[in-house]
Amino acid sequence: MGTNFYIKGHCGNDNPKYHIGKRSANVLYCWNCNKILCVDDNSFLKKCPTCGKEQTKEPLSKNAIGRELGFNNNSQKQKGVTTCCSFTWARPIGKIKHIVDEYEVEYTLEEFKVILSECSVQYEHFNSCFS
């Protein structure tokens, strides 16, 4: 589950020349301490080991899964322990100014930077084809 982003004019082309990357619902994250609360691929900590905050119960209208399903359009910075999105880069951003997602919604570079600011976890898979 996720949303792919492309250089405008190349929507759906997973060639890393045009595919910028993919935002995905990811893991539990402590926004106060900037820590991933993942023990391994299948288990998560119940609370942040640094500040002791426990997970905030979130409806789809406020969590990362809801963002990917289109129920969450809230771009406010999170606090405490909540779900987060990740972003997997297919290529460096370079001088790209016009970006489009797989639903052909257009973004300026500044708008795209807001999307990235909500992705507390980022991976680099440069020059790899994926979607």
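Rundown of residues vs (1) surrounded by 13 or more Cβ atoms within 10 Å (Cβ to Cβ); (2) free of Cβ contacts under 8 Å to residues at least 24 places away in the same chain; (3) among the polar types (S, T, N, Q), yes/no style:
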| position | (1), (2), (3) |
| --- | --- |
| Phe44 | yes, yes, no |
| Gly52 | no, yes, no |
| Arg67 | yes, no, no |
| Gly70 | no, yes, no |
| Phe87 | yes, no, no |
| Ala90 | yes, no, no |
| Gly94 | no, yes, no |
| Ile99 | yes, no, no |
Taking Val81 as meeting all but one of (1) in contact (Cβ under 8 Å) with a residue 40 or more places away in the chain; (2) buried (at least 18 other Cβ atoms within 10 Å of the Cβ); (3) out of contact with any Ser or Thr (no Cβ under 8 Å at 6 or more places or on another chain); (4) farther than 18 Å from Tyr6 by Cα, write down the number of the exception.
(3)
When segment 68-79 is checked residue by residue, the ones that are in a loop (DSSP other than H, G, I, E, B) and modelled with pLDDT under 80 are Gly70, Phe71, Asn72, Asn73, Asn74, Ser75, Gln76, Lys77, Gln78
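A quick yes/no check of all residues on (1) at pLDDT 85 or above; (2) more than 13 Å from the chain's Cα centre (by Cα); (3) closer than 24 Å to His125 by Cα:
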residue	(1), (2), (3)
Asp40	no, yes, yes
Pro49	yes, yes, no
Asn63	no, no, no
Gly66	no, no, no
Val81	yes, yes, no
Cys85	yes, no, yes
Would you mind finding the one in Leu60, Leu116 that is in contact (Cβ under 8 Å) with a residue 12 or more places away in the chain, over 27 Å from Lys17 (Cα atoms) and of a type outside the set (Lys, Arg)?
Leu60
One residue is enough: does segment 30-38 have a residue meeting the conditions surrounded by 12 or more Cβ atoms within 10 Å (Cβ to Cβ), under 26 Å from Ile99 (Cβ atoms) and either free of Cβ contacts under 8 Å to residues at least 60 places away in the same chain or of a type outside the set (Val, Ile, Thr) (or both)?
yes
Which number in (1) closer than 19 Å to Gly2 by Cβ; (2) in contact with a Cys (Cβ under 9 Å, 6 or more places away or on another chain); (3) crowded, with 17+ Cβ neighbours inside 10 Å marks the one condition that Val121 misses?
(3)
Sole exception among (1) polar (S, T, N, Q); (2) buried (at least 16 other Cβ atoms within 10 Å of the Cβ); (3) in a loop (DSSP other than H, G, I, E, B) for Ser61, by number:
(2)
Residue check, Gly21 in a loop (DSSP other than H, G, I, E, B) and within 17 Å of Ala90 (Cβ to Cβ):
no
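Out of segment 1-13, which residues are under 13 Å from Thr88 (Cα atoms) and surrounded by 12 or more Cβ atoms within 10 Å (Cβ to Cβ)? I'd like the intermediate steps shown before the answer.
Of the residues in segment 1-13, the ones under 13 Å from Thr88 (Cα atoms) are 1-6.
Within segment 1-13, Gly2, Thr3, Asn4, Phe5, Tyr6 qualify.
So which of Val81, Val100 ends up being touching a Cys at 6+ places or on another chain (Cβ under 6 Å) and farther than 30 Å from Phe44 by Cα?
Numbers: Val81 fails: farther than 30 Å from Phe44 by Cα.
Criteria check complete, one pass: Val100.
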Single condition Thr50 does not satisfy, out of (1) more than 20 Å from Ile115 (Cα to Cα); (2) part of a strand (DSSP E or B); (3) not charged (D, E, K, R):
(2)
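The values are calculated or read from the model by the stated rules, or taken from the named source; none is laboratory data. The structure presented is a predicted model; accordingly, all values stated were derived computationally and were not measured. No Cβ is skipped: glycine too gets one built from the backbone with ideal geometry, and neighbour counts run over all protein chains shown.
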